[in-house]
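What follows draws every value from the coordinates through simple rules; no lab data is involved. In this text, all values refer to a predicted model and were calculated from it rather than measured experimentally. Neighbour counts are summed over all protein chains in view; Cβ atoms, including those assigned to glycine, are modelled from backbone coordinates with ideal geometry.
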Amino acid sequence: MNFERIREKLNILADAAKYDVSCSSSGSNRKNTTKGLGDSSGIGICHSYTEDGRCISLLKILLTNHCIFDCAYCVSRKSNDIKRAGFKIQEVVDLTINFYRRNYIEGLFLSSGIFSSPDYTMERLIAVAKKLRLEENFNGYIHLKSIPGCSDELMREAGLYADRLSINIEIPTVSGLKLLAPEKDHKDFIKPMEKVKNEIIQYQADKKLIKNTPVYAPAGQSTQMIVGATGESDKDIMYSAVHYYSTYKMKRVYYSGYVPVLQDERLPALGTEVPMLRENRLYQTDWLLRFYGFDVRELLNNQHPNLDVDIDPKLSWALRNMHLFPVDVNKADKRMLARIPGLGMLSVNKILNARKYRKLNWENLKAIGIAMNRAKYFIVCDSKDWERKDLEPAHMKSMILQSSQSKYQKMYNKQLRLFN
Amino acid sequence: MKTQKLKYDGTFEGLLTAIFTVYEERLSSAHIIEERFFEPDFFSELIMVFTDENKASRVWEGLKDFQQFRTSVYRSFLSELPDKEVHILDAIQYVLKTKSDKDYGHPSVLKLAQITKQIGREKHRMEAFVRFKRTKDDIYAAIIEPDFNILPLIVKHFKNRYADQQFVIYDKSRSYGIFYDLNTVQFVELDFDDTVLKEALHDEEMHYDEMWQDYFISTGIKSRINKKLHLRHVPKRYWKYLNEKNPL
């Protein structure tokens, strides 16, 4: 094996793949039953973290960064003058196995630039996964990218070897896609999603009848949207996220703050700051929708098309709906507890469990580890004291902001400061 | 009234036997202490505990309705914290009396839950941070120095995962390791350190080591750098055995 050459390729093709944010390695159920290599039946594991704080759990690479498309937002676009490289199928297999054996990774996340045709590219991706499963008896996690415009037959085959399939919609609005990736057709993204969704439904139905139905993409499918490249509102983004969650049964929608990598008049200039705070607020909203029982229309609507920057979306919602508070933590149902600003689902469950034994007062809440700095304005408990004392929402917001320190403070305070 | 000091051999069965003794003798102010930490004093009565599997398993059986709590007890035992026996005894007495194991309003039940969480975190970290190096004999070897004695807890994970490769994971701070020979996992005591391992490495090891370091760097995004977050996820005390942070 020519390690020098492979090392060079790895550097190029890992660098080109890093803008894909998904690193999930959980949700599969592939047990190591045949004394082979690997097991992905447990929870996901992050084996390391990059210096920007993102988890490294999969070997995330492109098969090649040669691409026939010229999408403005993509570092591998045809017209970009960068080093190009391509792995041989066996090289990816060897790298994956050897990294896995050393406990560096949970598996492989393989994507690719599109060379000659979508089907030809997809076939190569599948060949890697197939080799890993059938020849190497590999039960680690495999995440394959679906190539826009590839055929249904290939999507069917991909799901037999991959744990997760994903296709990145990248631009949340159809008009934005037309602007930045004029050669790509919105329908080409939708078709593989539709196929994967139908196969998963089919698999789940068949499995009930025939126990040994071959597994199909057990960790489901996901997608990703770039944030801040085309001037879309938070409402645009979250409404389309909800559309993908409900229509295509997505496991996850990822939001990726646009990192300016190219000079192009259609895009934010090079050196523009990555919108990390906005990205964070979108993820918070995503969580509220998936785990806290919120409806997207409560959080974003025509009156509030964008999320507040200085406070989290739940607090922002609560301040607009003060008539629902204060909530009595000893009586409220789970749904309402989950809506109290500052309380996560872990805290909600702790409260539900603890109140079986005694009526909770402020001390009890502190003892079981409930964070009070926001919550105290919105709850009453077994105590005469009550923090809110009928404050106006604006006043309450400023009190909360004063008593808390956000790691993002420097970002939203910027315009107030004249001198650094 | 005098307190009773129960001295046990430091094994889990020993601890359970001691707890059995507390019930059997109806001791009201018992203090269980591991042999190696025991210091005699004039104010307490010494009771020697002789580990008895029968007695130990009766205590264990008594907790069978509280599976989660059992895990908590075992993990707290592995924590090596100085006061662990006090909390374990107190929590077991409370749970058996009230028949409920989730009242975190009780200080010892809460304490055990907190220790369990710490141990779980360390276990999970080790499942992530173990870095195997391939040796000439085709054994994949790793050295760790975890905060707690978590080797017994990670056996199953690694055995399932690496069913087709021989491996050793050596806990340097506790001077013992686990060895998988393609059939079973054994606890082994061996003379092992970085120097021994370095000499035994397979020729290809250096290449994969370098490629992993390369990968670690090229997968990061410079314009998003956030060292504080990085350190929170990968605390410095673990860097020693992470080859991406500490090359060969």
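To the nearest 20 Debye, how big is the dipole of segment B:130-241 about its Cα centre, given +1 on the beta carbon of each Lys and Arg and -1 on that of each Asp and Glu?
I would put it at about 1020 debye.
Under a cut-off of 13 Å between alpha-carbon atoms, report the aspartates and glutamates in cross-link reach of B:Lys99, not counting same-chain residues fewer than 8 places apart.
Partners found: B:Asp65.
Roughly how many nanometres apart are two label points built 7 Å out from the Cα toward the Cβ at B:Ser173 and A:Ser41?
The modelled label-to-label distance comes out at 3.1 nm.
In terms of modelled amide H atoms, which long-range or inter-chain residues lie less than 5 Å from the amide H of B:Ile143?
The answer is B:Arg131, B:Tyr170.
Report, in debye and to the nearest 20, how large the dipole of chain B comes out about its Cα centre when Lys and Arg carry +1 and Asp and Glu carry -1 on their Cβ.
Working: 38 positive and 40 negative charges, 296 e Å.
Dipole about the Cα centre, nearest 20: 1420 debye.
Any idea what angle helix A:89-101 forms with the longest principal axis of chain A, computed on alpha-carbon atoms, 0 to 90 degrees, nearest 10?
50
Return the sequence-ordered ³J(HN,Hα) values of segment A:323-332 in whole Hz as given by the Karplus equation 6.51 cos²θ - 1.76 cosθ + 1.60 applied to θ = phi - 60°, using x for Gly and Pro.
5, 8, 10, x, 9, 7, 5, 7, 10, 4
List, in the order given, every pair from B:Lys172/B:Lys222; A:Lys60/A:Lys131; A:Lys78/B:Lys245; B:Lys64/B:Lys156; A:Lys88/A:Lys197 whose Cα-Cα distance in the structure shown is over 24 Å.
B:Lys172/B:Lys222; A:Lys78/B:Lys245; A:Lys88/A:Lys197
Taking the Cα centre of the protein assembly as shown as origin and charging only Cβ (+1 Lys, Arg; -1 Asp, Glu), how large is the dipole, in debye to the nearest 20?
So the dipole magnitude of the protein assembly as shown works out to roughly 2000 debye.
Which is farthest toward the positive dipole end of segment B:3-121 among B:Ile119, B:Pro40, B:Gln93, measuring Cα position about the Cα centre, with Cβ charges +1 (Lys, Arg) and -1 (Asp, Glu)?
After comparing all options, I get B:Ile119.
By counting other Cβ atoms within 10 Å of each Cβ, how are B:Thr21, A:Thr96 ranked from fewest to most?
Least to most surrounded, the residues fall as B:Thr21, A:Thr96.
Would chain B count as rounded, prolate or oblate if I go by the C-alpha gyration tensor, calling it rounded below 1.5 in a/c and otherwise prolate when a/b exceeds b/c, oblate otherwise? Intermediate results must be reported in sequence, preceding the final value.
Details: a/c = 2.47, a/b = 1.93, b/c = 1.28.
It comes out prolate by the Cα gyration axes.
What shape does the protein assembly as shown have by the C-alpha gyration tensor, where a ≥ b ≥ c are the square roots of the eigenvalues, rounded means a/c under 1.5, and otherwise prolate means a/b greater than b/c and oblate the rest?
Oblate.
Please compute the contact order of segment A:3-299 in relative form: average sequence separation of alpha-carbon pairs under 8 Å and at least six residues apart, divided by the residue count, as a percent.
RCO, segment A:3-299: 16 percent.
For segment A:199-247 and segment A:75-152, what is the centre-to-centre distance using only Cα atoms, to the nearest Å?
Answer, in whole Å: 21.
Summarise the partner chain shielding of B:204-217 as one whole number: the mean count of Cβ atoms from other chains within 10 Å of each residue's Cβ.
Partner Cβ neighbours, averaged per residue: 6.
What ³J(HN,Hα) values, in whole Hz, does the Karplus curve 6.51 cos²θ - 1.76 cosθ + 1.60 give for segment A:204-211 when θ = phi - 60°, with x put for Gly and Pro?
Using θ = phi - 60°, the values come out as 5, 6, 4, 4, 5, 8, 10, 5 Hz.
I need to check one value: relative contact order of segment A:267-331, counting alpha carbon pairs closer than 8 Å and at least 6 residues apart, in percent. Before the final figure, lay out the partial values.
Working: 25 pairs, mean separation 19.2, N = 65.
Relative contact order for segment A:267-331 comes out at 29 percent.
For segment B:93-188, give me the percentage of DSSP beta bridges that are antiparallel, rounded to the nearest 5 percent. Each step should come with its number before you reach the end.
Values: 11 of 17 bridges.
Roughly 65 percent of the beta bridges in segment B:93-188 run antiparallel, per DSSP.
How many nm separate the modelled label positions at A:Val174 and A:Ser116, each set 7 Å beyond the Cα in the direction of the Cβ?
3.3
Between A:Asp328 and A:Leu401, what is the spin-label point distance in nm, taking each point 7 Å from the Cα along the Cα→C-beta axis?
So the two model labels end up 3.4 nm from each other.
Please give the helix B:53-62 orientation as an angle from the longest Cα principal axis of chain B, in degrees from 0 to 90, rounded to the nearest 10.
90
Quick one: among A:Val261, A:Val196, A:Val75, which has the greatest mean-square fluctuation in a GNM of chain A with alpha-carbon springs under 10 angstrom?
A:Val261
Between segment B:195-213 and segment B:87-121, what is the C-alpha centre distance in whole Å?
44
A:Lys384: which aspartates and glutamates have alpha carbons under 18 Å from its alpha carbon, excluding same-chain residues fewer than 8 sequence positions away?
A:Asp328, A:Glu363
Could you give the length gained by full extension between A:Met1 and A:Lys31, i.e. 0.36 nm per residue of separation minus their alpha carbon distance, to one decimal place?
Working: separation 30, 0.36 × 30 = 10.80 nm, distance 3.08 nm.
Going from the current span to full extension adds 7.7 nm.
With a Förster radius of 41 Å, plug the Cβ-Cβ distance of B:Arg70 and A:Ser151 into 1/(1 + (r/R0)^6) and report the FRET value to the nearest 0.05. Please report the intermediate quantities before stating the final value.
Details: r = 53 Å, r/R0 = 1.29.
Once rounded, the FRET efficiency stands at 0.20.
When a/c is below 1.5 the answer is rounded, else prolate if a/b is larger than b/c, else oblate, so apply that to segment B:3-121 with a ≥ b ≥ c taken from the square roots of the Cα gyration tensor eigenvalues.
Taking the square roots of the gyration eigenvalues as a ≥ b ≥ c, segment B:3-121 is prolate.
Provide the net charge surrounding B:Ile178, with neighbours chosen by a C-beta distance below 14 Å and charges set as Lys +1, Arg +1, Asp -1, Glu -1.
Result for the local shell: +2.
Hey, can you grab everything whose amide H is under 5 Å from the amide H of B:Tyr176? Only 5+ residues off in sequence or another chain; H modelled, so Pro and N-termini drop out.
B:Asp171
B:Glu45's amide H: which non-local residues (gap 5+, or another chain) put their own amide H closer than 5 Å, with H modeled 1.01 Å from N in plane and none for Pro or chain starts?
For B:Glu45, whose amide H was placed from the backbone, the distant partners under 5 Å are B:Thr3, B:Gln4, B:Lys5.
What list of ³J(HN,Hα) values in whole Hz, one per residue of segment A:287-300 in order, does the Karplus curve 6.51 cos²θ - 1.76 cosθ + 1.60 (θ = phi - 60°) give from phi, with Gly and Pro shown as x?
For segment A:287-300, the Karplus curve yields 5, 4, 6, 7, 10, 10, x, 8, 9, 4, 5, 6, 8, 9 Hz.
Which of the aspartates and glutamates could a cross-linker bridge to A:Lys249, judged by Cα under 12 Å and excluding same-chain residues fewer than eight apart?
List returned: A:Glu194, A:Glu199.
By how many nm would the segment from A:Asn373 to A:Glu392 lengthen if fully extended, with 0.36 nm per residue of separation less the alpha-carbon distance?
The span from A:Asn373 to A:Glu392 would gain 5.1 nm if fully extended.
Sorted from fewest to most neighbouring beta carbons within 10 Å, what does the list B:Arg125, A:Arg156, A:Arg281 look like?
With the fewest neighbours first, B:Arg125, A:Arg156, A:Arg281 line up as A:Arg156, B:Arg125, A:Arg281.
Using only Cα atoms, find the angle between the long axis of helix B:205-218 and the longest principal axis of chain B, and express it within 0 to 90 degrees, rounded to the nearest 10.
Tilt relative to chain B: about 90 degrees.
Arranged by the count of other C-beta atoms within 10 angstrom, fewest first, what order do A:Ser256, B:Ser44 take?
The most exposed by this proxy come first: B:Ser44, A:Ser256.
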